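So the structure is just underneath, and the comments pick up after that.
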Amino acid sequence: MTMKQFKTALGFSLILVTFHSYATSLQNQNISKSCVSVESEKDKKSRLQRGEERVDIFVGLNSFTAYDEGFRQKMKSVPVKEIMPYSFTSIGIIAASMQTVFPVLQLALCNEEYAINNKCNYERNIHGGRLISMETEWKSDTQYTMTQYVTNAETGAKRIKLIVSSELPNYWNGNMTLFNEDGSKAEVSWSRSDDGTEYYQGRSLGGTDISSITFTEYPNCSAEVTYVKNDVKITANWTLVDEKTTGNFLYCNQKGCHNGHW
């Protein structure tokens with residue numbers, strides 16, 4: 001396992017622990033299933049030993065990494081001189097998939113437990129002698145808007161770090177804005193339709209890097225994604241056939257565009 005994979009696994013482990021209290025309520029809901037990532041037998045055994053159920057929260061681009069055998073087989077047959085667009089496309093799609101981890105960790109700051117205990121209005125000390133405080137307004141019993149502030153312990157300076165609007169317990173719809181100290185910001189919005197189709201849009205503004213991600217993933221695990229990072233743009237779409245994705249992509253940079261399929 002690489003360090004990158006370890007960090008990803010750690011992030012998802014934290015998510016499962018944080019949202020374990022949702023399992024019982026989710027089991028009783030008549031909900032349309034989205035495309036949920038494949039769970040290995042080892043992970044399943046470990047989860048069951050902890051007495052946890054799989055939870056269905058937020059949105060995600062799961063199918064490309066969950067059913068990657070088709071793309072990996074194609075990579076083995078691509079001539080060396082043509083392999084770079086495939087490699088970069090794979091990296092871009094995986095990066096788009098991983099972008100959904102950070103918003104979920106921020107959403108954990110207002111879960112059902114916090115909502116019951118303090119309506120998601122509380123303070124917490126963090127590293128560097130700083131204090132974060134959450135101030136939350138409720139539009140209904142489940143819909144809320146939370147503003148997170150960071151206060152410097154030495155100067156007393158207070159700034160807005162995050163504004164998020166969503167709904168408990170699943171966070172299937174919402175938007176989030178993260179404000180950085182350099183004046184740049186990141187905006188994310190997401191939604192999930194009644195049939196389980198998931199939509200996600202994210203972009204960075206005002207910084208040195210220009211990036212954006214848009215994807216739609218359907219309950220049958222077909223998907224469409226656009227990933228932009230500075231001068232690189234990747235568009236791809238795929239369907240799921242016999243537990244493998246098959247699809248097309250277009251990879252573009254300053255030197256031109258390359259298309260491919262798998």
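The values are calculated or read from the model by the stated rules, or taken from the named source; none is laboratory data. Computed from a predicted model, the values in this text were never measured in an experiment. For neighbour counting, all protein chains shown are included, and Cβ atoms are generated from backbone atoms with ideal geometry for every residue, glycine included. Surface accessibility is based on the protein's heavy atoms, side chains included, excluding ligands, DNA and RNA. Shrake-Rupley method; radii C 1.70, N 1.55, O 1.52, S 1.80 Å.
Per-structure values
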item	result
In region 231-262, residue modelled with the highest pLDDT [restricted to those that are in a loop (DSSP other than H, G, I, E, B) and over 11 Å from Tyr67 (Cβ atoms)]	Trp262
Residues located in region 166-184, provided they are crowded, with 17+ Cβ neighbours inside 10 Å, in contact with a Ser or Thr (Cβ under 6 Å, 6 or more places away or on another chain) and either basic (Lys, Arg) or assigned to a strand (DSSP E or B) (or both)	Gly174
When residues of region 194-211 are limited to those that are open to solvent by less than 40 Å² (accessible area, probe 1.4 Å) and out of contact with any Ser or Thr (no Cβ under 6 Å at 6 or more places or on another chain), the one farthest from Gln99 (Cα to Cα)	Thr197
Criterion violated by Phe88 - all others in (1) without any contact (Cβ under 8 Å) to a residue 60 or more places away in the chain; (2) open to solvent by 70 Å² or more (accessible area, probe 1.4 Å) satisfied	(1)
Residue list for region 220-230, restricted to those being outside any strand (DSSP E or B) and open to solvent by less than 70 Å² (accessible area, probe 1.4 Å)	Cys221, Ser222
Residues that are over 18 Å from Tyr86 (Cβ atoms) and either in contact (Cβ under 8 Å) with a residue 24 or more places away in the chain or open to solvent by less than 30 Å² (accessible area, probe 1.4 Å) (or both), drawn from region 231-240	Leu240
From Asn125, Asn117, residue being under 22 Å from Lys158 (Cα atoms) and open to solvent by 90 Å² or more (accessible area, probe 1.4 Å)	Asn125
Any pair with Cβ under 9 angstrom, 6 or more apart, that starts in region 171-196 at a residue that is at positive phi and of a type outside the set (Gly, Ala, Ser) and ends at one that is crowded, with 17+ Cβ neighbours inside 10 Å and in a strand (DSSP E or B)	Tyr171/Trp190
Residue satisfying all of: in region 128-150; open to solvent by 30 Å² or more (accessible area, probe 1.4 Å) and farther than 27 Å from Ser191 by Cα; farthest from the chain's Cα centre (by Cα) among these	Gly129
